[in-house]
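Novice: Could you have a look at this structure, given as structure tokens, before my questions?
Just so you know, all these numbers are worked out from the coordinates, no wet-lab data involved. On a predicted model such as this, the values are computed, not experimentally measured, just so you know. All Cβ positions, even for glycine, are placed from backbone atoms using ideal geometry, and neighbour counts span all protein chains on display.
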Amino acid sequence: MEIVSVPDFEKIVQSFGIKARCADYKASGNYFYYDLELLSNAKVSSIKKYADEISLAIKSPCRPSIKVIHRDGLVRLEFVDVKPNKFNLFDYFTNRDIPDGKVNILLGQTVSGKRMWIDLDQEPHMLVAGTTGSGKSTLLNNIIANLFNYSDATIKLIDPKKIEFAEYERRCGIQVAYTYDDAYSMLEYLQEVMENRYDRIRNGESVNDMSPIVVIIDEFADLIIQDKDRVIHDMVCRLTQKCRSASMYFILATQRPSVNIVSGSIKANFPARIACRLPSHVDSKVILDTTGAENLLGGGDALIRDNIRDMERFQIAYTNAEEVANYFGDR
């Protein structure tokens, strides 16, 4: 891919009739961006209209993410390198400059080179979507490693495909539900735990003294396909409506984010949404409520939308189940 200078990028943009000045350029990790300052009568829609042509002109492997930065009066075009470099999560763990938070997760690095943190206590439930090779599984392994590293959380895993989480059961002693019936039993147990915690809170115990519980369900679609009477769907809805106040948090992941899998009732209780590469703009809208995830490169290139961020792009820090188990298991 051709990294062009600020004056040359400005000429490329203006060649499509877009009246804008290139105000800045920055490269960091797998990303680089150009900031455009619109001149008189210029429109953001014009930049979006010619996004493909601009990408072709600099030989970018995918369309840029286009972000309007209102406070600075700029439009930022974010590009990813054609051969993104993986950076390892365990090299990224420095255990310093950790933000205040109850259940901190260090997800990776933003386009501007900053660390991407999320606190599950402030963003209590998370939806994750991405096709094969997009980085979805890497993200789940990343989250599990963070829970080991930064909190004393109890982890519960549901894995209908019986592939992703077996290493954690074998090496780390984490309970994993593999079948529909096992998943039902685990969720039923978690409902009892939630109600028990509320009883303890009513009796004067502080929720801050309760260990967080994080439930990760991989390939939620496989459960919902079997869920003819919507039993598990309704259990997840009930739990996520109430369980945050009992220090319990859910993460749902799927390759197929269709509306019959990720219903409106589910989405209403999941303020944090992370999309890796998705096959279409329709899938992107299901998870993020807007397009964009269909233009990601894959390999951990992701977008997050939550209570404090609106479509921020970042690179997921890489790890896998074996590496996490080697580091934290058998102890």
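Novice: With a 10 Å Cβ neighbour count serving as the proxy for reagent exposure, in which order, fewest first, do HIS70, HIS281, HIS233 appear?
Specialist: Arranged by neighbour count, lowest to highest, HIS70, HIS281, HIS233 become HIS70, HIS281, HIS233.
Novice: Between region 299-315 and region 1-54, what is the separation of their alpha carbon centroids in Å?
Specialist: So the two Cα centres are separated by 21 Å.
Novice: Now a separate question. Rounded to whole Å and ordered largest first, report the semi-axes of the equivalent ellipsoid of the chain derived from its Cα gyration tensor (root of 5λ).
Specialist: Calculated on Cα positions only, the semi-axes equal 38, 20, 19 Å.
Novice: As a check on your grasp of the helix formula, calculate [θ] at 222 nm for the chain: sum -39500 (n - 2.57) over DSSP H runs of n ≥ 4, divide by the residue count, round to the nearest 500.
Specialist: Value at 222 nm, helices only, nearest 500: -9500 deg cm²/dmol.
Novice: Which trypsin sites (Lys or Arg not before Pro) in region 128-171 pass both tests, a DSSP loop state and at most 16 other beta-carbon atoms within 10 Å?
Specialist: Loop-located and lightly packed - LYS161, LYS162.
Novice: Considering amide H positions built from the backbone, and no H for Pro or chain starts, which residues 5 or more places from LYS26, or on another chain, come under 5 Å of its amide H?
Specialist: When sequence neighbours closer than 5 places are left aside, the close amide H contacts are TYR33.
Novice: Provide the FRET efficiency to the nearest 0.05 for the ARG309-ARG21 pair, computing r from the beta carbons and using R0 = 35 Å.
Specialist: Given R0 = 35 Å and the Cβ-Cβ separation, E is 0.80.
Novice: Working only with C-alpha atoms, what are the Rg and Dmax values of region 6-80, expressed in angstrom?
Specialist: 11.2, 34
Novice: In whole Å, what three semi-axes, largest first, describe the equivalent ellipsoid of region 85-138 built from its Cα gyration tensor (square root of 5 times each eigenvalue)?
Specialist: Semi-axis lengths for region 85-138 are 20, 17, 10 Å.
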